[in-house]
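This report concerns only the one structure given below.
The numbers here are math on the coordinates, done by the rules we state, and not lab data. Since the model is a prediction, treat every value here as computed from it, not as a measurement. No Cβ is skipped: glycine too gets one built from the backbone with ideal geometry, and neighbour counts run over all protein chains shown.
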Amino acid sequence: MAESSFRPTSFQPTIVALVCTYCTYTAADAAGSARMQYAATVRVVKYACTGKVEVRHILAAFEAGADCVMVSGCEVGDCHFLEGNLRAKERVDYAKGLLDEIGLSGRRLEMFHVGASDAPGWVRAVEEMTARAKELGANPLRGRLASEHMNALADLDLAVA
């Protein structure tokens, strides 16, 4: 019998968004206040600056079962901490390579630059990652490691608070 490539349409991805407080978080808050419609697939972890996002935080989100991770900071040249968003971009690129090496796919991770007044940009970024997560399917680590790391995201929230 041939193996089917059928994926259930009920799959709802889990996306972890590591965002800066000054720009992207403000844009996400504005999108919510304006009642803009977008998928409720994102769990937001707020940082003072995305320059504080470490590769281990990204990998911990995948270990906890996230299907995709998005890092979103200030627009290029507009970081409140000068170059934090550029450091975050370097770390995201490095982590993408690691994900490719272990067979998880670097496409599960993306860096966005969303300004504080760009609520529609936040909505587009969430929709893009949701579509990508649905295309890639569930994180293969979800069943195996997620049970071991049930509190990893909560620990990450505490670590950056």
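Under 5 Å from the amide H of LEU18 lie the amide H atoms of VAL45, MET70, VAL71, SER72, each residue being 5 or more positions distant or on a separate chain, with H modelled from the backbone and absent for Pro and chain starts. Placing a pseudo-label 7 Å from each Cα along the Cα-to-Cβ vector at ALA48 and GLU101 gives an inter-label distance of 3.0 nm.
Taking every DSSP bridge with both residues inside the stretch 15-160, close to 5 percent are antiparallel. The phi-based Karplus calculation (6.51 cos²θ - 1.76 cosθ + 1.60; θ = phi - 60°) puts the 3J(HN,Hα) values of the stretch 71-83 at 10, 9, x, 4, 5, 4, x, 10, 6, 5, 10, 6, 10 Hz, whole numbers, x for Gly and Pro.
Classified by the C-alpha gyration tensor, the stretch 15-160 has a prolate form. Its axis ratio a/c, with a ≥ b ≥ c, is 1.5 or above, and a/b is larger than b/c.
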